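To start, the structure itself, in structure tokens.
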Amino acid sequence: MEKVTGVGRLRELVRQSRREGRSVGFVPTMGALHEGHVSLVRRARAECGLVVVSIFVNPLQFAAGEDLQRYPRSPEEDARLLADAGADILYLPDAGQMYPPTFSTSVDVGGVSEAGEGAVRPGHFRGVATVVAKLFQQVDPDVAYFGRKDLQQVAVVSRMVRDLDIPVRLVVGAIVRDADGLALSSRNVYLSSEERLRAAALPRALFEAQRRASKGERDSGVIENGCRADLERAGLRVDYVEIVDPATMRHCERIERGNALTAAVRVGKTRLIDNVLLLEE
Ligand code: AMP
């Protein structure tokens with residue numbers, strides 16, 4: 001695995017690989033890697049000739065007062081995990097080169113960005129879309145891998161790719177969870193041991209709601225209210241609980257196959273998001 005910081009060298013390696021007839025798979029991350037990220041890298045390894053992984057803690061997607069400064073970083077462990085998973089290139093762009101003082105372009109994806117995380121974190125998806133568009137230009141992948149853990153991010157990136165005719169295919173990986181169901185997240189390290197125990201109520205409530213839907217409940221309001229009550233009873237503060245169509249992120253009144261129940265909660269100072277698909281599993 002080669003570590004690359006400059007976009008020139010990155011393009012050279014990607015072009016070389018293309019000339020040799022190898023397809024290019026790309027996994028963008030913010031580092032502090034765990035099995036969720038690694039599952040995407042393994043999938044890229046299985047499906048593509050060249051596997052590029054980026055680690056970049058993108059300042060544009062953090063609002064003032066969010067955790068940009070203290071976002072977990074583990075560069076050595078990350079490099080080891082990626083080499084083991086079979087990545088070819090670890091791309092580590094420099095923040096100053098990504099966003100020089102003259103940088104003034106942003107990508108705003110309407111509609112899908114507005115509800116859910118977009119409503120609680122204004123500007124977040126503008127930052128995500130801008131960095132993903134830029135990374136796509138730099139890496140020029142054939143296939144890009146994203147986790148369903150960030151369901152709305154997938155919707156935003158898919159919309160952007162279609163709207164801007166970006167020639168990349170998106171692959172969405174399943175959510176990787178800990179033994180008690182909590183979705184793996186770099187931010188889980190913020191949780192104290194007591195909070196970590198309490199956090200398991202989030203997947204429990206989502207799975208319970210999923211069961212209620214599979215047993216026949218089709219009224220979204222009933223499922224959402226039940227889920228919210230479960231979360232509050234477990235001592236979690238609820239930002240939102242909403243059943244949506246994952247393609248548009250629009251709220252659904254009646255549940256249909258493939259809808260997603262999305263939730264965001266706060267456990268102490270840590271914010272957790274998760275989702276389950278309804279009537280699918
Ligand atoms: P991040 O480093 O948080 O920006 O995540 C990088 C990629 O990994 C995103 O596409 C995430 O959706 C994905 N990801 C993060 N956590 C998980 C998880 N538990 N399971 C599957 N994918 C994940």
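Shown here for the stretch 1-34: GluC sites (Glu not before Pro) in loop regions (DSSP other than H, G, I, E, B) with at most 11 other Cβ atoms within 10 Å, namely 20. A crude spin-label estimate for the pair residue 1 and residue 229, with each label 7 Å from Cα along the Cβ direction, gives 4.7 nm. With only Cα atoms counted, the chain has Rg and Dmax values of 19.0, 58 Å.
In this Cβ point-charge picture (+1 for Lys and Arg, -1 for Asp and Glu), the chain has a dipole of about 180 debye about its Cα centre.
Label points 7 Å out from Cα along the Cβ direction at residue 280 and residue 95: separation in nm? That separation, rounded to one decimal, is 3.4 nm.
Taking a straight Cα-Cα cut-off under 18 Å and skipping sequence neighbours fewer than 8 places away in the same chain, the aspartates and glutamates within cross-link reach of residue 134 are 12, 94, 108, 142, 163, 165.
Going by accessible area, probe 1.4 Å, with all protein chains left in place, what is the ranking of 251, 34, 124, largest first? Kindly include the intermediate steps, with their values, before the conclusion.
Details: 251 80, 34 40, 124 20 Å².
These residues rank, largest area first, as 251, 34, 124.
Relative to the current alpha-carbon distance between residue 119 and residue 47, full extension at 0.36 nm per residue lengthens the span by 22.4 nm.
Within the straight-line cut-off of under 30 Å between alpha carbons, the lysines reachable from residue 269 are 149, sequence neighbours fewer than 8 places apart in one chain being disregarded.
Rounded to the nearest 500, what is the chain's calculated 222 nm mean residue ellipticity when only DSSP H runs of at least 4 contribute -39500 (n - 2.57) each, over all residues?
Numbers: 10 runs with 110 residues, N = 281.
My calculation for the chain gives -12000 deg cm²/dmol from helical runs alone.
Take residue 204: with every protein chain present and a 1.4 Å probe, its accessible area is about 140 Å². Here the calculated FRET efficiency for residue 137 and residue 163, from their Cβ-Cβ distance with R0 = 22 Å, stands at 0.90, rounded to the nearest 0.05.
Determine the relative contact order of the stretch 120-189: mean sequence separation of Cα pairs under 8 Å and six or more apart, normalised by residue count, in whole percent.
Numbers: 54 pairs, mean separation 21.4, N = 70.
Relative CO of the stretch 120-189 lands at 31 percent.
Only beta bridges with both residues in the chain are counted; by DSSP, about 50 percent of them are antiparallel. For residue 159, the solvent-accessible surface with a 1.4 Å probe is about 80 Å², rounded to the nearest 10.
Since only 38, 153, 109 are under comparison, the one whose Cα sits farthest along the positive direction of the charge dipole of the chain, derived from C-beta charges on Lys, Arg, Asp and Glu, is 38. Ordered from highest to lowest accessible area with the whole protein assembly present and a 1.4 Å probe, 130, 102 read as 102, 130.
The values are calculated or read from the model by the stated rules, or taken from the named source; none is laboratory data. These numbers come from a predicted model, not from an experiment. Every residue, glycine as well, gets a Cβ built from its backbone with ideal geometry; the counts of neighbours run over all protein chains shown. Note: areas computed on protein heavy atoms with side chains; ligands, DNA, RNA excluded. Shrake-Rupley method; radii C 1.70, N 1.55, O 1.52, S 1.80 Å.
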